[in-house]
Amino acid sequence: MTTTDGEIRVAHAAPPAADAAVPAAVPAGPERSKQRGGGDRMRALDGLRILAALMVCMYHFAGKSGPVATSWHESPGLLFPHLSDAAVYGCLGVQFFFVISGFVICMSSWGKTLADFFRSRVARLYPAYWVAIFIITAASMALPVVVHPLRSDELLVNLTMLQQPLGVPRVLGVCWTLWVELRFYVLFAVFVVWKGVTYRRVVTFCCLWTLAGAFARVADTPLTDELVMRDHAPFFIGGLALYLIRRYGSDLLLWGIVAMSWLLGQRYSVTALWHPGMSGDFHRNPHIIQGIVTLAFLSVAAVALGWLRWANWSWLTVAGALTYPFYLIHEHLGWFAIRIYHRYLGLEPHLTLVASVISLLALAWLIHRFVEKPFGPRLKRTMAAQAAQLARRTGGPRPSTPS
């Protein structure tokens, strides 16, 4: 799940910094030319993001047993025998999100200070997240037969986005991926953004993180797994290297990092996902898992190489903007929608699926339009202004003005 910026724009390639270990002759990558009709926006990434979100959505609605079966009043594997065979692989949309996140975070952090990076992440993640917490909590109180409301202390911890490591029940079922993203942001901020993003620092970070993942598997302790994220790191690392390819052009070192990330990522995905479901009514083929992981890397690589410049439709911008709020609300709120449309209003199962997805996309648009757009930039400006005031009082360096 990517929690990347709604505005995905190319940071045009500048000459590498003095400490950047770039080959003497850097090929002119596709980034140096603007896309026709759409400025320098990479709308294909928006399309990949909404595709990944819909994959995860179908997994939660039609491919996963457990709580959703209560809303359907039957196992999705039996209700949708053919659709469910494909939907069980929808959970791999998370791998798409992580590769895209590595690409976009590297791009958006270029030239930013650590404070800039921190403010942009807070302003991007929290406004829609808090509203999603409020909506799901209200729904659980109105219809507790679907999702039980949490105690007040548990609910308040969920506002921090740290409920996963603290062992507190989650209001949003998908927020475990936000904890993964947060750890990636912290690692990238501490080891790269803190001193300034350069080619050499990103490449060094990718290599050392890959090795740390291997050592963490040898250590096999919960702490090292949490810190290093051995199963998720290859996807972020692959995305980081693909952005460097986008920015500076191809070279064997960067493609070697991408290849290594793919090799490790497909292995981790197969070992984590190749098993029957909880109710035994679906099964995943390891070769299909490998194929989808490969597609995740290839699709972002196609963006990096400029092969998807033709995917420049304006509606992709809207779709990309809806991805984060839709991803936040779709699982638990979707179970409410399924119960209402199917069991209370009597809609046919396939129509229920369509109606539920459309309703959630509409609600995601409302969250984007009336929460993310006005309050995200305002929160960033407020934090920057207060940091500037603090700098004047303490004589410290003044922060840059947010865009």
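Computed from the coordinates by the stated procedures, all read-outs in this text should not be read as laboratory data. Everything quoted here is computed from the prediction, not taken from an experiment. In this analysis, Cβ positions are derived from the backbone assuming ideal geometry, glycine residues included, and neighbour counts consider all displayed protein chains.
At a glance:
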{"quantity": "Value of [θ]222 nm, deg cm²/dmol, for the chain, DSSP H segments ≥ 4, -39500 (n - 2.57) each, nearest 500", "calculated": "-20500 deg cm²/dmol"}
{"quantity": "The chain shape via C-alpha gyration tensor axes, a/c threshold 1.5", "calculated": "prolate"}
{"quantity": "Euclidean distance of C-alpha centroids, segment 299-378 and segment 117-186, integer Å", "calculated": "18 Å"}
{"quantity": "Inter-site label distance for Leu51 and Ala362 at 7 Å from Cα along Cβ, in nm", "calculated": "2.8 nm"}
{"quantity": "Charge dipole (debye, nearest 20) of the chain; +1 at Cβ of Lys and Arg, -1 at Cβ of Asp and Glu", "calculated": "1460 debye"}
{"quantity": "Alpha-carbon Rg/Rh ratio, for segment 207-272, with Rh computed the Kirkwood way", "calculated": "1.02"}
{"quantity": "GNM flexibility winner over the chain from Val218, Val99, Val371 (Cα, springs under 10 Å)", "calculated": "Val218"}
{"quantity": "Highest-fluctuation residue, Val180, Val197, Val145 considered, GNM on the chain with Cα pairs under 10 Å", "calculated": "Val145"}
{"quantity": "Angle in degrees between helix 233-248 and the longest Cα principal axis of the chain, rounded to the nearest 10", "calculated": "50 degrees"}
